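Written out below as structure tokens is the structure these notes cover.
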Amino acid sequence: MRSIHLKHFRCYSDFRLVFKPGINLLVGDNASGKTSLLKACQYVLSAFFAGFSDENTNWISFDTDDFQRLVEEGRVLPTQPLQIIFDATDLDDTGKKNLSSQVLERRKPKGARILRTGIRLYARYSEMLQLTFYSFEERRQVRPLPLFAYYSVYYSIEGIRTKRSAYTRALRSVTTKHSLGYYGCLNEAGFFRYWIHRLLILEEQTVGHQESTFVTESILRVVGEQGCNLFKKILIRINAKEVVFVTIDGREIPTDYLSEGQKRIVAMAIDLAFRSYLLNYSLYGEETCAKISGTVLIDEVDMHLHPSLQAKILPALRRAYPNVQFIASSHAPMVMSGIKSDEENVVYRLSYDEGTGYQAGEVYTYGLDLSTLVERLWELPPRTAEVAERLNGLFKLIDDEEYEKAKGRLNELREDFPEGGLSDLSYAEGLLTVLTDSEK
């Protein structure tokens, strides 16, 4: 997706945003429009299934809640038609410029369906792709299929126990359609346990099965030493009917005992791995993860993650899938610190102003510490007033050359903030050492 333009969609009256091909991180306060923007992106990705359609796909239509609700002087204003205008990069393959701007539109909340007119050419493209990605003459896949996935804040790890008989039948079969890689890809319900179950079925059928081997190796690209540095091996134990993750230090953790943060990362990694295999392994083979393209949406990517993982997760996903576009939201400063803005990646700060409405501005956050990020992005003091006052008092004593008192104040602060809790204390200590040595 190269760009998106929203008109009367949820909180947005008229909003445009340009995306980059790598990581697009959306940051901002609550109610800054991050989730609504990702919801719009979900509809854009779903438009692909207006043409590419079978029992495994689902074209998601607008909901009545997607219409903008405007109130003026205590009265609700008439509802405006909502539009999402988008530029889909997969249309670049056609070489036709008139396919660039596509329009998803619905005129009114009730009694009207989403209009196909604005995406008719895009639907034809995806329909043609469905008909031509496999050559019956050559008896092989000849065109790649795009990867799509959406991990919302409601993306469920434990809540996928609801019965899905059609999918259960499909995953039990070793032979599947390519389109199984699209089953539920943009839904909010997760498939973590279903994918784990499929690993067991595949390995039970054939030890070292091609699909299960590919999937476990692909998961390790995200969670292994070159990724999030969580696990070094994945064991599929058929007799015990469990999949075990071996940590970097050698501990074995069965799937059910993974922490919530570990489960979230593994759930995304296994989902992407299986979908990539199903869609394009017959074309790309072992290079599937390196070559597959598409778009993945992640709402609140930092959810349940330890700060040490927050800075790693998006770069790890991007390294594992270098041609996949990631559009993610976050509140966590450490996630922002891990993204280097360049021609591939961007960090947007979403905000609202009463005069200008919703806006998005590019910000540079790579490598900044927590204190600086909090101060720059949210214009908040990086520490409490009490701590700031005590630090100011310490440096005033140094400025006034009252070094003995300054040392006493420094020791007090060291007791209250042990183990490097305040980086300013190391600077003050070094300053005192230099100044007192010069007096000797």
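Here are the numbers:
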item	result
Cross-chain or 6+ apart pairs with Cβ under 8 Å, the stretch 50-64 first and free of Cβ contacts under 8 Å to residues at least 60 places away in the same chain and surrounded by fewer than 20 Cβ atoms within 10 Å (Cβ to Cβ), then in a loop (DSSP other than H, G, I, E, B) and of a type outside the set (A, V, I, L, M)	Trp59/Ser53; Ser61/Arg113; Thr64/Pro109; Thr64/Lys110
Condition met for Leu38 (under 23 Å from Ser351 (Cβ atoms), surrounded by 12 or more Cβ atoms within 10 Å (Cβ to Cβ) and in the same structural domain as Pro109 (by TED's automatic domain parsing))	yes
Top-ranked residue in the stretch 201-253 [being under 27 Å from the mean Cα position of the chain (by Cα) and in a loop (DSSP other than H, G, I, E, B); ranked as surrounded by the most Cβ atoms within 10 Å (Cβ to Cβ)]	Leu230
Any chance Glu72 is charged (D, E, K, R), in the same structural domain as Phe326 (by TED's automatic domain parsing) and farther than 30 Å from Ser179 by Cβ	yes
Residue match in the stretch 236-247 (condition: within 30 Å of Gln42 (Cβ to Cβ) and out of contact with any helix residue (DSSP H, G or I) (no Cβ under 6 Å at 6 or more places or on another chain))	yes
Any hit, the stretch 265-272, residues being surrounded by fewer than 22 Cβ atoms within 10 Å (Cβ to Cβ) and acidic (Asp, Glu)	no
Filter result for Ile270 (in the same structural domain as Ala149 (by TED's automatic domain parsing) and without any contact (Cβ under 8 Å) to a residue 40 or more places away in the chain)	no
Matching residues, the stretch 109-138, being hydroxyl-bearing (Ser, Thr, Tyr), surrounded by fewer than 15 Cβ atoms within 10 Å (Cβ to Cβ) and under 29 Å from Asp65 (Cβ atoms)	Thr117
Inter-residue pairs, beta-carbon under 8 Å, first of a type in the set (S, T, N, Q) and in the stretch 107-126, second surrounded by 15 or more Cβ atoms within 10 Å (Cβ to Cβ), 6+ apart	Thr117/Val103; Thr117/Glu105; Ser126/Phe48; Ser126/Phe49; Ser126/Ala50; Ser126/Gly51; Ser126/Phe52
Selected residue (only one of Ala316, Ala360, Ala328, Ala332 is aliphatic (A, V, I, L, M) and either without any contact (Cβ under 8 Å) to a residue 40 or more places away in the chain or not assigned by TED's automatic domain parsing to the domain that holds Ala149 (or both))	Ala332
Filtered residues of the stretch 310-344 (kept if in contact with a Gly (Cβ under 6 Å, 6 or more places away or on another chain), in a helix (DSSP H, G or I) and either on the phi > 0 side of the Ramachandran plot or among the aliphatic types (A, V, I, L, M) (or both))	Ala316
Within the stretch 1-76, strands (runs of 3 or more DSSP E) holding 1 or more residues that are aliphatic (A, V, I, L, M) and touching a Pro at 6+ places or on another chain (Cβ under 8 Å)	23-28
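The values are calculated or read from the model by the stated rules, or taken from the named source; none is laboratory data. A quick note: this is a predicted structure, and the numbers were derived from the prediction, not measured. Methodologically, a virtual Cβ is constructed for each residue, glycine included, from the backbone with ideal geometry; neighbour enumeration extends over all protein chains shown.
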